[in-house]
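Chemist: Pasting a structure below so you can have a look.
Just so it is clear, none of the values below were taken in a lab; they were calculated from the coordinates. Keep in mind the model is a prediction, meaning the values are calculated, not measured. For neighbour counting, all protein chains shown are included, and Cβ atoms are generated from backbone atoms with ideal geometry for every residue, glycine included.
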Amino acid sequence: MKFLRKIELKEYSIFFWLVLISFLTIFVFIIYTNNKVDKALKIKSSLDNIYLKKTLKEITNNLNPRYVNKEYLAVSGDTYQSIINKLNINEKEKKIILDTILKEKSLKILRINQKFIFKFDNLSQEKVIEFKIETDRKNEIYFQKSSVGSSFISKKIKKNFKKKLVYKETIITNSLYNSAVNLGIKPNIIIEFARLYGFQVDFQRDIWKSDSFQIIYEEFINEDNKIVDTGEIIFANLKLQNSDLQLYKYEYEKNKIDYFDENGKSIKKTLMKTPINGARLSSSFGKRKHPILGYTKMHTGTDFAAPKGTPIMASGDGKVTKAGWCGGGGNCVKIKHNSKYQTVYAHMSKFAKGIKKGARVKQGQTIGYVGSTGLSTGPHLHYEVIENGRKINSQKLKLPSGKILKGEDRKKFEVSKIKIDVLKSDLISKN
Ligand SMILES: [Zn+2]
């Protein structure tokens, strides 16, 4: 009996300690939680404090740099005045800067892509403290605010740049732009590349995965071996679905450069006014009495009468978007030349070999043959030019003329082309 009681007591004491520990834990937890809420409230109230808010604002303001450089590249249509007006400064300061520039003789002509760099002092009333304007790729004029008054003192600086020729090539995986950027090609070269190909390629739709390009262009390197600027594209090849679109830079007259394909044809391609040989214009663009329907209707193309079977040419480089039946137009071919122009050829007797939707065609290539299919009174070609979705008169089309190098010019171009090809293999071997 005595023994049993002892065990009971022992059990009781374990229970007592357990209860005590539990109470202690709860107590500590409550104190801790209260303290936490208190602290949060304190932080919140101090954040609401207007003085602290002001201090925070000052601190973050001071995080903005005092001096900021702003760069600008002149675009077509710019004047010195329009460029200065873009600056976020007061009228008085704008006038001082503009007068300073206009006084400078070497800045008489404002060029496209001319570079401006303005240095702003955010803590000063008159914000611009210095600015630089490029006169050409090798020289710039530096204007610094004089220590007295608001005027600027100018200084001509010769940049010590070295010109380097760069060769890059890649397969387009994602977009042309991304692939080029990944290769380290500067954006202004990519933009120029797109501009040069713009007449024959619709960059949104014509570039497919695993198409590729090659390019040679100039880079300007400073003493620290850093690229400070890019120059001109010397050569490029855009390989789309296994067809090469090459372009060579060529100075065809003193100080006049243009880009030509391997056959000496300017890449600034025009559409042909008459995409057929030996035909006569039988009906022009405009209102006319329809020969079959009998009533007056707008004629949205130009008709060329020619014997059945006469070859019809693609009026410019592009991609076939339709080669099939067009109702009243009979057998027709539609070509997309770029994002702006499309052409349509109707009433064909048959299509040329290989002409189907998606096929890439060159200017002058035979795409089909004259016929009288659809609503037609006799064999003729109905030719339409569509500009930005609107049918226009092909005979009044004003496009840059596609220069073709002939005779002596062609010989000189061939020499220049060989030099570029040699340069290309040289650069590839060094790559
Ligand atoms: Zn017609």
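Chemist: How much net charge surrounds residue 416 when only the other residues with a Cβ under 9 Å from the Cβ of residue 416 are counted, with Lys and Arg +1 and Asp and Glu -1?
Modeler: Within the 9 Å Cβ shell, the charges total +2.
Chemist: Per the Kirkwood definition applied to all pairs of different Cα atoms, how many angstroms is the hydrodynamic radius of the chain?
Modeler: About 28.8 Å for the chain.
Chemist: Here's another thing I want to ask about it. Considering only C-alpha atoms, what is the centroid distance from region 261-301 to region 193-242, in Å?
Modeler: Each part's Cα centre sits 34 Å from the other's.
Chemist: OK, next. Calculated from DSSP H runs of 4 or more alone, at -39500 (n - 2.57) each and per residue, what is the 222 nm mean residue ellipticity of the chain, nearest 500?
Modeler: It comes out at -9500 deg cm²/dmol, rounded to the nearest 500.
Chemist: Go through 154-160, 182-188, 92-98, 362-368 and give me the packing order, highest mean Cβ count within 10 Å leading.
Modeler: Descending mean neighbour count gives 362-368, 92-98, 182-188, 154-160.
Chemist: Thinking of region 162-260 as a set of Cα atoms, what percent of all their pairs are more than 16 Å apart?
Modeler: 57
Chemist: Starting from the Cα of residue 365, step 7 Å along the direction of its Cβ; do the same at residue 228; then give the gap between the two resulting points in nm.
Modeler: Going by the 7 Å Cα→Cβ label model, 4.6 nm.
Chemist: Sticking with this one: Run the simple label-point estimate for residue 293 and residue 429 please: 7 Å along Cα→C-beta, distance reported in nm.
Modeler: 6.6
Chemist: Taking the simple approach of a point 7 Å from Cα along Cα-to-Cβ for both residue 21 and residue 243, what is their distance in nm?
Modeler: Between residue 21 and residue 243, the label points sit 8.6 nm apart.
Chemist: Continuing with the same structure: Please list, by residue number, everything in region 252-275 whose backbone N is under 19 Å from a paramagnetic label point 7 Å out along Cα→Cβ of residue 409.
Modeler: It comes to 252-273, nothing else.
Chemist: Under the 0.36 nm per residue contour assumption, what length would be gained going from the current alpha-carbon distance of residue 284 and residue 148 to full extension?
Modeler: Extending this stretch completely gives an extra 41.8 nm.
Chemist: Below 12 angstrom from the Cβ of residue 101, what's the summed charge of the other residues (Lys, Arg +1; Asp, Glu -1)?
Modeler: +4
Chemist: Right, something else. Tell me, what is the FRET efficiency for residue 68 and residue 105 to the nearest 0.05, using R0 = 30 angstrom and their Cβ-Cβ distance as r?
Modeler: With a Förster radius of 30 Å, E is 0.50.
Chemist: Return the Rg/Rh ratio of region 357-431 with Cα-based radii and a Kirkwood Rh.
Modeler: With Rh from the inverse mean 1/r over Cα pairs, Rg/Rh is 1.18.
Chemist: Multiplying the sequence separation of residue 171 and residue 397 by 0.36 nm and subtracting their Cα-Cα distance, what value in nm do you get?
Modeler: Roughly 77.7 nm would be gained on extension.
Chemist: Evaluate the relative contact order of the chain (contact order divided by residue number), counting alpha-carbon pairs under 8 angstrom at least 6 apart; express in whole percent.
Modeler: Computed over the chain, the figure is 9 percent.
Chemist: Counting residues in region 283-431 as N, plug N into 2.2 N^0.38 Å and put the Cα Rg over that result.
Modeler: Here the Cα radius of gyration is 1.33 times the empirical estimate.
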